[in-house]
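> A single structure is presented below for examination.
The values are calculated or read from the model by the stated rules, or taken from the named source; none is laboratory data. Being a predicted model, the structure only gives us computed values, none of them experimental. Ideal geometry is used to build each Cβ from the backbone, glycine not excepted, and the neighbour counts take in all protein chains shown. To get the accessible areas, we keep the full protein, side chains included, count just its heavy atoms, and leave off ligands, DNA and RNA. Shrake-Rupley method; radii C 1.70, N 1.55, O 1.52, S 1.80 Å.
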Amino acid sequence: MTFQSRPATDLLLPVEEAQQRALDEVRILGIERVALTAAHGRVLREDVAAVRDVPQADNTAMDGYAVRSADIASSSIESPVVLEVIEDAPAGVVASRVVTSGTAIRIMTGALMPEGADVVVPVELTDAGSQRVAIRKPVRAGQNIRRQGEDMRAGEVVLRAGSPLGAAEIGVLATAQRPMISVGRQPMVAVLSTGDEIVDLGESPADGKVVNSNSYSLAALVREAGAIPRMLGIVPDTKEATIAAIRSALEADLIVSTGGVSVGAFDFVKDALDALGAETKFWQIAMKPGKPVVLSLLGDRLFFGLPGNPVSCMVSFLLFVAPAIRKSMGQKNNLLPPIVKANLERDLRSRGDRRAYQRVRLTTRDGELIAIPMATQGSGVSTSMLGANGFAIVEEGVTCIEAGRAVPVVVVGAIHSD
């Protein structure tokens, strides 16, 4: 048994350069039309303009009374101004009367401003009268009014192509009256696990065997990134089986494998890629966990070979594969996970040999971001990912960052308060 040697030309690549190389190779997928009800989580692939002004005319921002500001300028609690209520104007109904001196129209949130009125007095500043109303405080002209076009102007682009569609974007598209919308096609991502030591769910692992957890965590990460996973099972540790598995995976838009990318005697992924004529863009990155990461191009298909350790696999997916998936759907901005500064709750230690991505739980406390290191940082400890929503960056050469110090953290999950 021998170990593969790493050529001197295969230098460890900085993380940022590896991320950029991966994004540079991404193929943007086609466009499909979907119903707005199915568009959440997709990426918009057309500019969307407003079809009309929103609001279509000045309307009230709250329940109250539409009046002339000049009529109520002298009002006070001790000496309220009393006005005649000449009409009710609920939302969706246009008032038929004109507000003149000494009169008011009782108006509900969203109703169009009546002619003659230049202010809305909140009901809380009145006696809530229905026939006559006492105004107990002056309100300046223009207060509590939503102006025509304040939200959207007819013809104005309100959403740009390349925007990921969350709940707010769906609401804007509905306001723009778009029951159907153009979005990027969701990529199909083939997921492979390599290794004779791997057994699938339902099998009882013998000594030295491990359960195929990586395929399931990767499939979940693929879904979270907006793509569709295609799990292709376990690949035996032979060059021939690895070649066959990768060849069958080429039906997908993107391929992700786990295991078999290091320098062990039974690590055949790189040999299989070479045999298939793949163009390798990088192999091994200056980071831990996750040093042995392969990016290769098979025709127009991207292949990511990720490490077999569960934490290394997930960390490298979040840093390299998820951004590529987002770009493939047409997303233009915010492809990489954000990096924030957070104060350490306790000391963070590293060997200092490479940049380390240490799992932490980000939380807010008294208005500050706090990073709480997970108790265990081993790359094979899958439970260390439970509750981890960030990776604290410890640069090469640094062996300890003391509690209370600020540290950069890659955000990979929702941040909650203590």
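> Which is part of a loop (DSSP other than H, G, I, E, B), within 30 Å of Gly30 (Cα to Cα) and modelled with pLDDT under 95, of Gly260, Gly226, Gly277, Gly290? Outline the logic, then answer.
Numbers: Gly260 fails: within 30 Å of Gly30 (Cα to Cα); Gly226 fails: modelled with pLDDT under 95; Gly290 fails: within 30 Å of Gly30 (Cα to Cα).
Being part of a loop (DSSP other than H, G, I, E, B), within 30 Å of Gly30 (Cα to Cα) and modelled with pLDDT under 95 holds for just one of Gly260, Gly226, Gly277, Gly290, which is Gly277.
> Here's another thing I want to ask about it. When the residues of the stretch 216-255 are filtered to those that are within 24 Å of the chain's Cα centre (by Cα) and open to solvent by 60 Å² or more (accessible area, probe 1.4 Å), which remaining residue is nearest to Pro310 (Cα to Cα)?
Among them, the one singled out is Tyr216.
> Considering the stretch 324-345 alone, what residues qualify as being within 26 Å of Ile372 (Cβ to Cβ) and either at pLDDT below 95 or under 14 Å from the mean Cα position of the chain (by Cα) (or both)? Break it down stepwise before answering.
Restricting attention to the stretch 324-345, the residues satisfying the condition of being within 26 Å of Ile372 (Cβ to Cβ) are 334, 336-345.
Matches in the stretch 324-345: Asn334, Leu336, Pro337, Pro338, Ile339.
> Can you find a residue in the stretch 130-140 that is assigned to a loop (DSSP other than H, G, I, E, B), in contact with a strand residue (DSSP E or B) (Cβ under 8 Å, 6 or more places away or on another chain), at pLDDT below 95 and at negative phi?
Yes.
Every residue, every condition in (1) outside any loop (DSSP other than H, G, I, E, B); (2) open to solvent by less than 40 Å² (accessible area, probe 1.4 Å); (3) closer than 30 Å to Phe303 by Cβ, yes or no:
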| site | (1), (2), (3) |
| --- | --- |
| Leu11 | no, no, yes |
| Glu16 | yes, no, yes |
| Gln19 | yes, yes, yes |
| Ala22 | yes, yes, yes |
| Val26 | no, yes, yes |
| Val34 | yes, yes, yes |
| Thr37 | yes, no, no |
| His40 | no, no, yes |
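> Also: Closer than 30 Å to Gly330 by Cβ, open to solvent by less than 70 Å² (accessible area, probe 1.4 Å) and outside any strand (DSSP E or B): is that true of Gly149 in this structure? Outline the logic, then answer.
Values: closer than 30 Å to Gly330 by Cβ: yes; open to solvent by less than 70 Å² (accessible area, probe 1.4 Å): yes; outside any strand (DSSP E or B): yes.
Yes.
> Name the one entry in Ser193, Ser213, Ser182 that is more than 29 Å from Val311 (Cα to Cα), of a type in the set (Ser, Thr, Tyr) and touching a residue at least 60 places away in the same chain (Cβ under 8 Å). Write out each step before concluding.
Values: Ser193 fails: more than 29 Å from Val311 (Cα to Cα); Ser213 fails: more than 29 Å from Val311 (Cα to Cα).
That would be Ser182, the only listed residue that is more than 29 Å from Val311 (Cα to Cα), of a type in the set (Ser, Thr, Tyr) and touching a residue at least 60 places away in the same chain (Cβ under 8 Å).
> What pairs come out if I take residues in the stretch 217-236 that are under 12 Å from Leu192 (Cα atoms) and pair them with residues that are open to solvent by 30 Å² or more (accessible area, probe 1.4 Å) and of a type in the set (Lys, Arg) whose C-beta lies under 7 Å away, six or more apart or interchain?
Pro229/Arg223
> On to the next question. Tell me whether the stretch 76-88 contains one or more residues that are surrounded by fewer than 14 Cβ atoms within 10 Å (Cβ to Cβ), closer than 30 Å to Arg42 by Cβ and either among the basic types (Lys, Arg) or more than 46 Å from the chain's Cα centre (by Cα) (or both).
no
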